[in-house]
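Engineer: Structure in structure tokens, see below.
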Amino acid sequence: MLKGRVHKYGADVNTDAIIPARYLNVSEPAQLTRHCMEDIDRDFVKKVKAGDIIVATTNFGCGSSREHAPLAIKASGVSCIIAQSFARIFFRNAINIGLPLLECAEAVANTGAGDILEIDLSGGKIKNLTKNMSFTATPYPDFMAELISAGGLIEFTRKRLASRRHQSEV
Amino acid sequence: MTLAEKILSAHANQKQVMPGEFITVRVDLILANDITAPIAIREFGQLGLERVFDPQKIVFVPDHFTPAKDIASAEQVKLTQQFAREQGTGYFELGQMGIEHVLLPELGMVLPGDVVIGADSHTCTGGALGAFATGMGSTDIAAAMATGDIWMKVPPTLKFVYRGNIKKWVGGKDLILYTIGDIGVDGALYSAMEFSGPVIDRLSMDGRFTMANMAIEAGAKAGLFPVDAKTIDYVKPRARRAYKVYQPDNDAEYARVMEYDAAKIEPQVSLPHSPANAKPVSQVGDIKIDQVLIGSCTNGRLEDLRIAAGIIKGSKIHPGIRCIIIPGSQQVYLDALKEGLMEIFVSAGAVVTTPTCGPCLGGHMGVLADGECCLATTNRNFVGRMGSPESEVYLANPAVAAASAITGKITSPEEIIK
Ligand code: SF4
């Protein structure tokens, strides 16, 4: 169960806003967090607390393929992002590195900055404790659920490689 | 099946694939750059493998912050170079290096029918050659370096058909800016774009690269062009391995078909801060600029430089304006040099730099200060993209960029070349 305070953003939050390219001469998540959301929300780094939740409207994470974007968000303590829709590469990257994302237009429409949400990831249940409302996110396709439950793409690949080795030994 | 579905099904060893289906596809080329490779290499290290699956199919192009702009960048480049050496993968040192999406097609490393994945969103540029080329993150690249394949969700295909006679000074950049202006930055989200029609048939390869390059700016996974005689002419002298040409079926199912009358499309300018804010240049108004950038993986090819030089020839860059010209690769540089284009630029008061991404992503070699305004032939004009979050970027084709460099404000090429 995740619980945290909401930071709310609009449409098309791009990866240059999440982590500006000028800071990409390093790749350590801890260094990246210092500039997380800098060009869209200067105070984010000061405000964000472990467990917080980002809520945004459409096409969150559009732009570049930089994995630095979900890495910076994850390392800043954000526990989950809820949006109406996500940009494709950002979605992949976040799932691959184990940053939970939920698509739920209703929750987005009914959640404001500062609200407290409680999220049960396994069932995609979102509760807005401030407004006392509940929502259900679009369920993950089976393949993605498998990827998530493996703990991300690296773990998933490790298992695949092991079973390949096993097969070639048999 | 659509072109994207044809290529994906062949690489998934399936007779057929359906949009929405999750598949595992074999990859023909894996790419990362100096920004994304270090994370991919770190994640690859987590897998505990000695070797990558096939070093011939992996290539690193350090193009973003090179020539290394500071110590931290130099470290990232060094780490990438060391890994490439140890593993025997492709690597392009300064002197061979070009902007990845200009360089790889030019060297015949991206070929028709390929599945190409790159840890760079503009990997979709390869779609101009009839390849399924798509950007991913570093962890995806790490996994693919280990296994030689990658998971994908089959995208629905949107078809874009361009008819009519294209106007003077209108090129691939204008067609794609116009299209993104029409459908929006998420207009092709999760989809493949397939470009066709008489206008596309007549469009040069360089123009097609420009269009495929910006498919991601509409949210697309890939932007593909069916292979024709022009593609084959481009590919034949370059290819050093076998390739296969796929064509979309006549009865392919498209999620949507969009038709455009190219005769109605003027040179476009995308206003800050979204590529979708596209307007005809005649309607932009009086916008003074501080800098012009002609280059990038979008418009850093020979044809682009020829167009710009044709307009700048005999004129001077407006005083107080910085005009930066960045050839996309060493080959483009050399060809432009031989044709005398560089002399035109330099004697007009522009600077020509070594191939690099540089200012396109606010890295180096032309970063913007607070309140400054740049007209660039690049692909993104997000807040802070080229420097200060208080700066502004307008996107346009090389002709508009060259004309504007002469007048110091956003200008239609028609005003310079009567
Ligand atoms: S030129 Fe710009 S858009 Fe192209 S790869 Fe380099 S940074 Fe990315």
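The values are calculated or read from the model by the stated rules, or taken from the named source; none is laboratory data. This one's a predicted model, so the numbers in the text were calculated from it and none came from an experiment. Here the Cβ positions follow ideal geometry from the backbone for every residue, glycine too, while neighbour counts run over all protein chains shown. To get the accessible areas, we keep the full protein, side chains included, count just its heavy atoms, and leave off ligands, DNA and RNA. Shrake-Rupley method; radii C 1.70, N 1.55, O 1.52, S 1.80 Å.
Engineer: Run the helix sum for chain B: -39,500 (n - 2.57) per DSSP H stretch of 4+ residues, divided by residue count, reported at 222 nm to the nearest 500 deg cm²/dmol. Intermediate results must be reported in sequence, preceding the final value.
Structural biologist: Values: 14 runs with 128 residues, N = 418.
Rounded to the nearest 500, the figure is -8500 deg cm²/dmol.
Engineer: Using Stokes-Einstein with the Kirkwood hydrodynamic radius over Cα pairs, what translational diffusion coefficient do you get for segment B:1-40 at 4 °C and a viscosity of 1.567 mPa s, in µm²/s rounded to a whole number?
Structural biologist: After rounding, the answer is 110 µm²/s.
Engineer: Using the Cα centre of segment B:47-166 as the reference point, and only Cβ charges (+1 on K/R, -1 on D/E), how large is the resulting charge dipole? Debye, rounded to the nearest 20.
Structural biologist: With Lys and Arg at +1 and Asp and Glu at -1, about 400 debye.
Engineer: Return the tail of the calculated pair distribution for chain A, meaning the percent of Cα-Cα pairs more than 30 Å apart.
Structural biologist: 17 percent
Engineer: To the nearest 20 debye, what is the magnitude of the charge dipole of segment B:3-260 about its Cα centre, counting +1 on the Cβ of each Lys and Arg and -1 on the Cβ of each Asp and Glu? Write down the numbers at each step before the final one.
Structural biologist: Values: 25 positive and 31 negative charges, 108 e Å.
Computed about the Cα centre, the dipole is about 520 debye.
Engineer: Still on this structure: With solvent modelled as a 1.4 Å probe, how much accessible area in total do chains B and A shield from it at their shared surface, in Å² to the nearest 100? Don't jump to the answer; show the numbers that get you there.
Structural biologist: Working: alone 16010 and 9030 Å², together 21100 Å².
Chains B and A together bury approximately 3900 Å².
Engineer: A follow-up question, please. State the percentage of accessible surface on the protein assembly as shown attributable to carbon and sulfur atoms; use a 1.4 Å probe and exclude ligands, DNA and RNA.
Structural biologist: Ligands and nucleic acids excluded, carbon and sulfur give 51 percent.
Engineer: Give the angle, between 0 and 90 degrees and rounded to the nearest 10, that separates the Cα long axis of helix A:153-169 from the longest principal axis of the Cα atoms of chain A.
Structural biologist: 10 degrees
Engineer: Expressed in nm², what is the orientationally averaged projection area of the convex hull enclosing the Cα positions of the protein assembly as shown?
Structural biologist: 25.5 nm²
Engineer: Something else about it: Going through the cross-link list B:Lys168/B:Lys409; B:Lys167/B:Lys313; B:Lys15/B:Lys236; B:Lys288/B:Lys338, which pairs have a Cα-Cα distance over 31 Å in this structure?
Structural biologist: On the way: B:Lys168/B:Lys409 20 Å; B:Lys167/B:Lys313 22 Å; B:Lys15/B:Lys236 28 Å; B:Lys288/B:Lys338 33 Å.
Violating the 31 Å limit, Cα to Cα: B:Lys288/B:Lys338.
Engineer: Work through the residues other than B:Ile324 whose Cβ is under 14 Å from its Cβ and net out their charges, Lys, Arg +1 and Asp, Glu -1.
Structural biologist: Surrounding charge for B:Ile324 is -2.
Engineer: Once Rh is set to the Kirkwood radius over Cα pairs, what Stokes-Einstein translational diffusion coefficient, in µm²/s, holds for segment A:81-170 at a temperature of 25 °C and a viscosity of 0.890 mPa s?
Structural biologist: In µm²/s, the coefficient is 167.
Engineer: Leaving out ligands and nucleic acids, note down the accessible area per residue over the protein assembly as shown with a 1.4 angstrom probe, in whole Å².
Structural biologist: 36 Å²
Engineer: List the residues whose amide H sits under 5 Å from the amide H of B:Leu368, counting only those 5 or more places along or on another chain, with H placed 1.01 Å from N in the peptide plane.
Structural biologist: B:Gly387, B:Ser388
Engineer: Name the residue farthest towards the positive end of the dipole of the protein assembly as shown from the options A:Cys80, B:Val110, A:Ser64, assuming +1 on Cβ of Lys and Arg, -1 on Cβ of Asp and Glu, about the Cα centre.
Structural biologist: B:Val110
Engineer: Compute the distance from the alpha-carbon center of segment B:253-297 to that of segment B:117-177, in whole Å.
Structural biologist: Result: 19 Å between the Cα centres.
Engineer: Right, next: Tilt of helix A:88-97 relative to the longest C-alpha principal axis of chain A, in degrees (0 to 90, nearest 10)?
Structural biologist: Taking Cα atoms only, the helix is inclined about 70 degrees.
Engineer: Same structure again: Using a 1.4 Å probe and counting only protein heavy atoms, arrange B:Lys78, B:Lys338, B:Lys15 so the residue with the most accessible area comes first.
Structural biologist: These residues rank, largest area first, as B:Lys15, B:Lys338, B:Lys78.
Engineer: Can I ask one more? Around B:Leu31, under 9 Å between beta carbons, what's the net of Lys plus Arg minus Asp minus Glu among the other residues?
Structural biologist: Taking every other residue near B:Leu31 into account, the sum is -2.
Engineer: Would you mind classifying segment B:89-173 by shape? Square roots of the alpha carbon gyration tensor eigenvalues, ordered a ≥ b ≥ c; an a/c under 1.5 is rounded, otherwise it is prolate if a/b is larger than b/c and oblate if not.
Structural biologist: Verdict is oblate for segment B:89-173.
Engineer: Quick one: in chain B, what % of C-alpha pairs are over 26 Å apart?
Structural biologist: Above the 26 Å cut-off, chain B has 51 percent of its Cα pairs.
Engineer: So, one more: Need the per-residue list for segment A:81-121: every residue with at least 50 Å² less accessible surface in the complex of protein chains than in the chain by itself, probe 1.4 Å, sorted by number.
Structural biologist: Listed by number, the residues meeting the 50 Å² cut-off are A:Arg88, A:Arg92.
Engineer: When you look at the Cβ of every residue in B:37-46, what mean number of other chain Cβ atoms sits within 10 Å? Intermediate values should be presented prior to the final figure.
Structural biologist: Working: counts 1, 4, 8, 2, 1, 2, 7, 2, 1, 5.
Mean inter-chain Cβ contacts per residue within 10 Å come to 3.
Engineer: For B:Leu189, B:Leu79, B:Leu111, what's the largest-to-smallest order of accessible area, 1.4 Å probe?
Structural biologist: B:Leu79, B:Leu189, B:Leu111
Engineer: Under the classification rounded if a/c is under 1.5, otherwise prolate if a/b is larger than b/c and oblate if not, where does segment B:232-323 fall, given a ≥ b ≥ c as square roots of the Cα gyration tensor eigenvalues?
Structural biologist: Taking the square roots of the gyration eigenvalues as a ≥ b ≥ c, segment B:232-323 is oblate.
Engineer: Further, regarding this structure: Show the residues, 5+ positions off or on another chain, whose built amide H is closer than 5 Å to the amide H of B:Tyr246.
Structural biologist: Amide H neighbours of B:Tyr246, under 5 Å, 5+ apart: B:Gly113.
Engineer: Hey, what's the Kirkwood Rh for segment B:270-411 if you take every pair of different alpha carbons, in angstrom?
Structural biologist: 14.5 Å
Engineer: I'd like the Karplus ³J(HN,Hα) series for segment A:57-71: coefficients 6.51, -1.76, 1.60, θ = phi - 60°, whole numbers in Hz, and an x wherever there's a Gly or Pro.
Structural biologist: So the Karplus estimates, Gly and Pro as x, are 7, 9, 6, 5, x, 6, x, 6, 8, 4, 6, 4, 5, x, 4 Hz.
Engineer: Determine the order of B:Asp140, B:Asp70 by accessible area, beginning with the largest, at a probe radius of 1.4 Å.
Structural biologist: B:Asp70, B:Asp140
Engineer: Can you give the convex hull volume per residue for the Cα atoms of segment B:37-157, as a whole number of Å³?
Structural biologist: 104 Å³
Engineer: If you don't mind, another one. What residues qualify as long-range amide H neighbours of A:Phe86, i.e. H under 5 Å apart, gap of 5 or more or another chain, H built at 1.01 Å from N?
Structural biologist: Here A:Asn59, A:Phe60 satisfy the definition.
Engineer: Also, I was wondering about something else. Which value at 222 nm does chain A reach when only helices count, each DSSP H run of 4 or more adding -39,500 (n - 2.57), with the total divided by all residues and rounded to the nearest 500 deg cm²/dmol? Don't skip to the answer; put the middle values down first.
Structural biologist: Working: 8 runs with 61 residues, N = 170.
Calculated from helices alone, the mean residue ellipticity at 222 nm is -9500 deg cm²/dmol.
Engineer: Return the percentage of antiparallel bridges among DSSP beta bridges fully within chain B, rounded to the nearest 5 %. Numbers along the way, then the final one.
Structural biologist: On the way: 10 of 52 bridges.
That works out to approximately 20 percent antiparallel.
Engineer: Something else now. Give me the percent of DSSP beta bridges within the protein assembly as shown that run antiparallel, rounded to the nearest 5. Present the calculation step by step, with values, prior to reporting the outcome.
Structural biologist: Details: 22 of 77 bridges.
Here the share of antiparallel DSSP bridges comes out near 30 percent.
Engineer: OK, next. Pick out, from A:Val48, B:Ser404, B:Trp169, the residue whose Cα sits farthest towards the positive end of the charge dipole of the protein assembly as shown, with +1 on the Cβ of Lys and Arg and -1 on the Cβ of Asp and Glu.
Structural biologist: A:Val48
Engineer: Please compute the net charge surrounding B:Pro155, taking Lys and Arg as +1 and Asp and Glu as -1 over other residues with Cβ under 14 Å from its Cβ.
Structural biologist: +2
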